[in-house]
1. Using R₀ = 30 Å, calculate the FRET efficiency as 1/(1 + (r/R₀)^6) where r is the Cβ-Cβ separation of GLN200 and LYS91; round to 0.05.
2. How are the alpha carbon pair distances in the chain distributed across 5 Å bins from zero to the largest one, expressed in percent?
3. Nearest 5 percent is fine: what portion of the DSSP beta bridges confined to the chain is antiparallel?
4. Please work out the Cα convex hull volume for segment 211-277 and give it in Å³ per residue.
5. What does the convex hull of the alpha-carbon atoms of segment 8-151 project to on average, in nm²?
6. Taking a virtual spin label 7 Å from the Cα of ILE63 along the C-beta vector, which residues in segment 76-91 bring their backbone nitrogen under 17 Å of it?
7. Would you mind telling me which residue in ALA64, ALA248, ALA97 has the biggest mean-square fluctuation in a Gaussian network model of the chain, where springs connect alpha carbons within a distance under 10 angstrom?
8. Using θ = phi - 60° and the Karplus relation 6.51 cos²θ - 1.76 cosθ + 1.60, list the HN-Hα couplings for segment 179-191 in order, rounded to whole Hz, with x at every Gly or Pro.
Amino acid sequence: MKTLKIAIQKSGRLNEKSVELLKNCGLNFENYKSSLISPVSNFPLEILFLRDDDIPEYVQDGIADLGIVGENVIQETEVEVSYLQKLGFGKCSLKIAVPNNNTITVLDQLNGKAIATTYPVILGKYLKEKGISSDIRTISGSVEISPGLGLSDAICDLVSTGGTLKSNGLIPFADVMSSEAVLIGSKGSENDDLVQELIQRIQSVLRAKETKYVVLNVERKNLDAVTALLPGVKSPSVVPLAEVDWVAVHTVIPERDFWDRISQLKQAGAQGIVVMPIEKIIL
Ligand code: PRT
Ligand code: ZN
């Protein structure tokens, strides 16, 4: 039987979440920091631990069938791969930032200016699209210190909390792209049954993460008002309680508007609300 290979980051910002996702998919493997390859004992899959910059090409060339990597790295390496699934972690934006004492306020003012970045391809395309001609200075790291050293007028770098920009006296000026970790596959890999099985497992874990399981009690006279607020996977389950006028309602609600929904439920008469995490949702 064929064994798939999936490449994930060996160490760094995406490693832990990538390992967690695969483990939550029920895959059994050892995650030794020293190993470059780890077999999965209960699925025909091997995990390759690589530097994130190498993952897109490994997948493009079919050395790995699948990979987990930031969209920023895929765009920068300009590889031909299939985007299979956004994964909801490693979120960040690639931004142009300028020193906070700078007078640059509109994009046109970047004409003729030097911008330091580790993302020359993405930045080059962005500036071209906007009709701006800047001097792109490609450096390999610590981009944020380059204006202070007089090496550039602006920078283009990844931002998540904004703390690094702030502590280097820089302010974000333009959004170039937003990025998150994605599952990629070699072209055509999406037609493989094993790849499809893995995608479905990943989707069931992601779906569960976006939702909470809720059990609440409500008096029958308020049941319609409460269920009107609850979608459920199909519709909420209603279970009679020993006290005849009361029922328990079981359902799932989306994480994103969780607190609003809970306060609406309380107003509609819900009591004893118990909220639980969900491991997987298989549709
Ligand atoms: O060793 P390897 O080559 O595998 O790793 P790496 O050092 O190249 O990458 P790593 O681990 O730093 O990042 C991996 C991926 O995480 C990136 O390609 C992005 O897709 C994603 N990601 C998410 C980030 C950030 N957030 C992020 N904040 N990557 C880098 N940063 C850096 C940014 O470059 C800047 O230096 O963090 C700093 C800014 O952070 P804030 O929080 O201060 O804004
Ligand atoms: Zn890297």
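1. Working: r = 23 Å, r/R0 = 0.78.
According to the calculation, E is roughly 0.80.
2. Percent of pairs per bin, in order: 1, 5, 10, 12, 11, 10, 10, 10, 10, 8, 6, 3, 2, 1, 0, 0.
3. Details: 43 of 58 bridges.
Antiparallel bridges make up about 75 percent of those DSSP assigns within the chain.
4. Details: hull volume 4.9 nm³, N = 67.
Cα-based convex hull of segment 211-277, divided per residue, equals 73 Å³.
5. Numbers: hull surface 42.2 nm².
Over all viewing directions, segment 8-151 projects a mean Cα-hull area of 10.6 nm².
6. 77-81
7. Checking each option, the largest mean-square fluctuation is seen for ALA248.
8. 9, 8, 5, 9, 8, 10, x, 4, 3, x, 4, 5, 8
The values are calculated or read from the model by the stated rules, or taken from the named source; none is laboratory data. Source: prediction; values computed, not measured. All Cβ positions, even for glycine, are placed from backbone atoms using ideal geometry, and neighbour counts span all protein chains on display. Side chains are part of the model used for accessible areas, which takes the heavy atoms of the whole protein and leaves out ligands, DNA and RNA. Shrake-Rupley method; radii C 1.70, N 1.55, O 1.52, S 1.80 Å.
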